[in-house]
Amino acid sequence: MKQPLKIVIPMAGFGTRLRPLTWSKPKPLVSLAGKTVFDHVLNMFRTVPNFEDVEFVFILGPTMGDQIKEHVANNYPDWHVDYAVQPEMKGQSDAFWQAREFLHGPMLMAFSDTLIENDFSFLETVENQAHAWVKPVDDPRRFGVADVDQEGSVKRLIEKPEDVSNNLAVVGCYYFPEAEDLITAIKEQIDRDIALKQEYYLADAINIMLEAGLDMQVQKVDVWLDAGTPEALFKTNRYLLDHGRSNSDELELDEQTVIIPPVNIDPSAQVTKSIIGPYVSIGKNAVIEASIIKESIIGPETQIIDSLLEISLIGQAVNIKGQTGMLNLGDESWAIR
């Protein structure tokens, strides 16, 4: 690549499906398998050629963007990062339009709640060819799909098709050899007012590029994970803990605590007289005492005492005592009996 690769992640959405967690933090900072969703998204790009030279562009919403900036400054201080703000929720294409001053040269993008397992190293030899990552699914009617010809070239993207014979669901990750071409297509999309319910969708801009002759190939992925709903978070947490993100073998806890792998417990957490697991993630400086917890995600600085929790999603600095069952609690809340 003659110019540094841009990796662009739009994250301006309000995360309404993850409330109450997202009342106080942006969706990418929700806890997941020992890190934040954001960290897992960033780590999936580690195989990009010349990763140390990558320039990131993060597109933030009108509120809570400072939390993203603080997280990046604390955890990725040496990265080149530019920020853009999408002041109104007018769709995916509008998000890229707001970041247009940073978008030039080769560009790789993914949505902030999309996780895939993929090797991006092949991009080192790609020149004038775009790529769309896809996964075959049983029922494509819930997704957008890529309509491809016999040579594997994308002819068109189709949103929620009625025909189930084409099952190549697009996962929300794309590579464009020239980001400027995408911006040109988005400008045409906006000028022509190609929108749905006043939102400009990226698929329509890509279709404009395809009509203009864009050569786009598909890249199939075996693993496509989502982090946009509580149900998806639990499923993704389970998968990640099963595939290398468990630290069960490294834990040193009191003799009265039982660990049922896989789990990820931050070393700073204090866990005593408890049964933890399987499929539990516990964040930094959490305190768990005399409790049983299974298949749950517990945020940092949360205190849980004398409780039995399962399939629970708990935010940061929550105080729980004497509770039983399934809980979904946002940051700095409490449930005390």
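For the reader, a short list of remarks on this structure follows.
- Within the range 209-230, the set of residues being farther than 16 Å from Ala110 by Cβ, assigned to a loop (DSSP other than H, G, I, E, B) and touching a residue at least 12 places away in the same chain (Cβ under 8 Å) comprises Ala212, Leu214, Asp215, Asp222, Thr229.
- Those residues of the range 120-151 which are within 24 Å of Ala179 (Cβ to Cβ) and aromatic (Phe, Trp, Tyr), in sequence order: Phe120, Phe122, Trp133
- Residue match in the range 42-57 (condition: crowded, with 23+ Cβ neighbours inside 10 Å, in contact with a Leu (Cβ under 8 Å, 6 or more places away or on another chain) and either over 17 Å from Val81 (Cβ atoms) or hydroxyl-bearing (Ser, Thr, Tyr) (or both)): no
- Some residue of the range 91-104 being in contact with a strand residue (DSSP E or B) (Cβ under 6 Å, 6 or more places away or on another chain), of a type in the set (S, T, N, Q), over 28 Å from Ser165 (Cβ atoms) and assigned to a loop (DSSP other than H, G, I, E, B): no
- None of Gly315, Gly330 is buried (at least 23 other Cβ atoms within 10 Å of the Cβ) and in contact (Cβ under 8 Å) with a residue 60 or more places away in the chain except Gly315.
- Evaluation of Asp82 against (1) within 27 Å of Thr236 (Cα to Cα); (2) surrounded by 14 or more Cβ atoms within 10 Å (Cβ to Cβ) (one fails), failing number: (1)
- All conditions in (1) free of Cβ contacts under 8 Å to residues at least 24 places away in the same chain; (2) within 23 Å of Gly325 (Cβ to Cβ); (3) surrounded by fewer than 23 Cβ atoms within 10 Å (Cβ to Cβ) hold for Pro300, with the sole exception of (1).
- Of all residues in the range 278-290, those being farther than 19 Å from Ser24 by Cβ and surrounded by fewer than 23 Cβ atoms within 10 Å (Cβ to Cβ) number 4.
- Within the span defined as the range 226-234, one or more residues are of a type in the set (D, E, K, R), under 19 Å from the mean Cα position of the chain (by Cα) and closer than 16 Å to Ala33 by Cα.
- Looking only at the range 197-208, and only at residues there that are in contact (Cβ under 8 Å) with a residue 60 or more places away in the chain and surrounded by fewer than 21 Cβ atoms within 10 Å (Cβ to Cβ), the one that is nearest to the chain's Cα centre (by Cα): Tyr201
- Which listed residue, of Leu313, Leu327, Leu240, is more than 21 Å from Thr22 (Cα to Cα) and either among the hydroxyl-bearing types (Ser, Thr, Tyr) or in contact with a Leu (Cβ under 9 Å, 6 or more places away or on another chain) (or both): Leu240
- Residues being surrounded by fewer than 16 Cβ atoms within 10 Å (Cβ to Cβ) and touching a strand residue (DSSP E or B) at 6+ places or on another chain (Cβ under 8 Å) - total across the range 174-196: 0
No value in this document is a laboratory result; all are computed from the given coordinates. In this text the structure is predicted, and so the values were computed from the model without any measurement. Glycine also receives a Cβ, built like all others from the backbone with ideal geometry; neighbour counts cover every protein chain displayed.
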